[in-house]
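Step one of this worksheet: look at the structure below.
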């Protein structure tokens, strides 16, 4: 990836261009993005050499009376910005004033470009991680793509040039087949590459464990969620229900702001400032400082995530976009739940008979109705307070307010980052998200067969 200074070399001119474009009653900004992706394909036979891809783009956005005009152009340099500003002005009926263009300063030498030996070192580290995870791949069919994604973004407002920073994450997704059963696999980490590769090896080793062909009995069930699985539970049940664009009537949680809906002492915060988690950023994609927002405080609904299009609610820095080609919308970043005082063994004992969910492959929620679904990819039965045999994939369903009221008032003492929570797709737009939580016990969810 080129030198990060390259996106900033025309900072003063860029601010003047955006300022000259907007008219009274309008707001807006320019957005620049550059992404470098290094992708390896892995199978049980080994790791293929990486494929490299780079993309850069510029968008100009104008907001007027609740509507949004977006013009996107390929490239992240001065000419792409001027072209986008010119076209946005034409469409909006504005006539931006362009001063005589001095010509862009030459791009700095790519001092930040990576050397071939660095790429070779990453390939070797990944190959070693797969070898540790799968020392004996007999009987296993693996199809996984692993990508190292480096993204740099900047936002240009009428007043300032705001670097969003450079973010690097390791992402993996695919399928693992053993003994006629197939399970999805997903992983994401924002930690340094070596640590992320070690975590990937541990996740692959866990995911390749033999699974029973027997799903749990359908119907009501008490569930202990591991810390990683609990992060997905909070993401679907609390996070999406407290994004400010949750339908005309609002969500089942936004309609009861100030009400106690979960156990006393339970705090859930969305925090873009958690740099150890994949959803971190300092400035959102609209140029607003990202802020930690308490969603539940002591079990009480207290907050709402918002962006610049959230109407009467001021933005708290959660306007995010999947690409410069797409408009921002209010999205979560890193959802973090607080620690309790119980050990995992204590939660299993309190559960008695039920299910221990190790990983949730995906989930969905309807904030207006309150219904949610979690697709469980790895779980064990619980019998008399002890973990039993692995279970086949299945689904858990529930209703948000009922599920929150059924969270046990004692929960896990150790908060850990989520492993399987990678990207969140909403309205077709995927953004990186993170989570950290402790193990929890939720009573009375409904187990049903997973749809094939």
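What follows is calculated from the coordinates using simple rules that are stated; it is not laboratory data. Remember, predicted model here, so these are calculated numbers, not experimental data. Positions of Cβ are generated from backbone atoms using ideal geometry, with glycine treated the same way; all protein chains shown enter the neighbour counts.
If you work out Kirkwood radius over Cα pairs in Å from the coordinates, which of [x] 24.2; [y] 23.4; [z] 22.4 do you get?
Structure-derived value, by its label: [y].
Between residue 353 and residue 259, take the C-beta separation as r, use R0 = 22 Å, and let me know the FRET efficiency to the nearest 0.05.
0.10
Compute the normalised compactness of region 4-207: alpha-carbon radius of gyration over 2.2 N^0.38 Å, N being the residue count.
Scaled against compact globular proteins, the figure is 1.34.
Compute the Cα gyration tensor for region 219-449, then decide on rounded, prolate or oblate, letting a ≥ b ≥ c be the square roots of its eigenvalues: rounded whenever a/c is under 1.5, prolate when a/b is larger than b/c in the other cases, and oblate in all that remain.
In terms of gyration-tensor shape, prolate.
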